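Heads up, the thing below is written out as structure tokens.
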Amino acid sequence: MYSRAPQNRPSGSSFGSRISVLLLAMFATMATVYVAGRLWQDAENRVYLIQELDKRTGQDQSAISVDDTLKLIACREQQKKLSDLEMDLAAATQEGFVPKHSSKNGGTHAKKKTLAVIGIITTFGRKKNRDAIRKAWMPTGAALEKLADEKGIIVRFVIGRSANRGDSLDRDIDNENRQTKDFIILDGQVEATEEHPKKMKSFFTHAVENWDAEFYAKANDDVYVNIDALGAMLTTHLDKPRLYMGCMKSGEVFSEPTHKWYEPDWWKFGDKKSYFRHASGELYVISKALARFISINRSILRTYAHDDVSSGSWFIGLDVNHIDEPKFCCSWSSGAICAAV
């Protein structure tokens, strides 16, 4: 005789549907809480925004558009980020941190902070001059790296590229650099006499973007430089943030096209046709702030016929500390930092 199953026992399908209903109710409740929370948060933001706008406009009802409001919020956020970054940078600088220059020895021997980057301006066909400089005052090989590590002075020859890119002139420089590893090769700069003023902008831009130095110096490839004396002098000027130092001079502006030193913009220099005071191109130094100024504004900085005049012109309208240093007037006299060879 068979017994009947209890009448009140739920079937499998009925039980599953109850679970589904329960889960759906839970999800609906969570969604409601989430949406309510967001609406409350948005309401608080609106109240805060209206209060801020009222403070700035002095009106009961804001007349600023939605776009202006969003710009205002974005500016405030960027300002806070910039302030935080400046604080981090100041703290890092105070601790002697120098970007892009970690120690090669795994941190066991910290490098000296870079004092100066010296760019020796050279050109094609001047290998004899470069070799003479390497023998006379510019270290080579490991000694060149030691100079940077221990004294914080980096020295490099600076050259552009041939107008016929990749020709024998370029290949000779590339081969020389593979052996000496002491060049800054400005790939975007054509190497030509008339391009020298633009080459100076390219050099300072490259140097300041690759080395965080206190000073940046330019020297010709026919000049002897006393590196120790130069380094010692620069350390006495670390308190001058906008320094332009050299053997200051002026000179006649030549308006005759056939003259060797012809100045196409001669008419800009007045009736007396005399250049403003500027550092002689044999050797001069600018501080970090001025090098950064050149890098930032290189596209709008005017150049003249000569690179030393061009460099001097970039600082005419700035609050710059011009220092006329007799020791930069290259000679073989006692105490001179440089000498023409």
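A few remarks follow.
- For the stretch 168-311, the solvent-accessible area of protein heavy atoms averages 48 Å² per residue (probe radius 1.4 Å; ligands and nucleic acids excluded).
- Gained length - Ile296 relative to Ala132, 0.36 nm times residue gap less alpha-carbon distance: 55.6 nm
- Subtracting the Cα-Cα distance of Ser168 and Phe124 from their residue separation scaled by 0.36 nm leaves 14.8 nm.
- Charge context of Cys247, other residues only, Cβ under 12 angstrom, K/R +1, D/E -1: -1
- Global geometry of the stretch 198-253, whether rounded, prolate or oblate, following the gyration tensor of its Cα atoms and the 1.5 cut on a/c: rounded
- Beta bridges per DSSP, both residues in the stretch 239-341: antiparallel share near 55 percent.
- When a 1.4 Å probe is rolled over the protein heavy atoms, the share of accessible surface on the stretch 238-341 that falls to carbon and sulfur comes to 54 percent.
- Counted charge near Ala132, where neighbours are those whose Cβ lies closer than 15 Å (Asp, Glu -1; Lys, Arg +1): +1
The values are calculated or read from the model by the stated rules, or taken from the named source; none is laboratory data. Please read all numbers here as calculations on a predicted model, not as lab measurements. As a convention, Cβ positions derive from the backbone with ideal geometry for all residues, glycine included, and neighbour counts pool all protein chains shown. Just the protein is used for accessible areas: all its heavy atoms, side chains included, with ligands, DNA and RNA removed. Shrake-Rupley method; radii C 1.70, N 1.55, O 1.52, S 1.80 Å.
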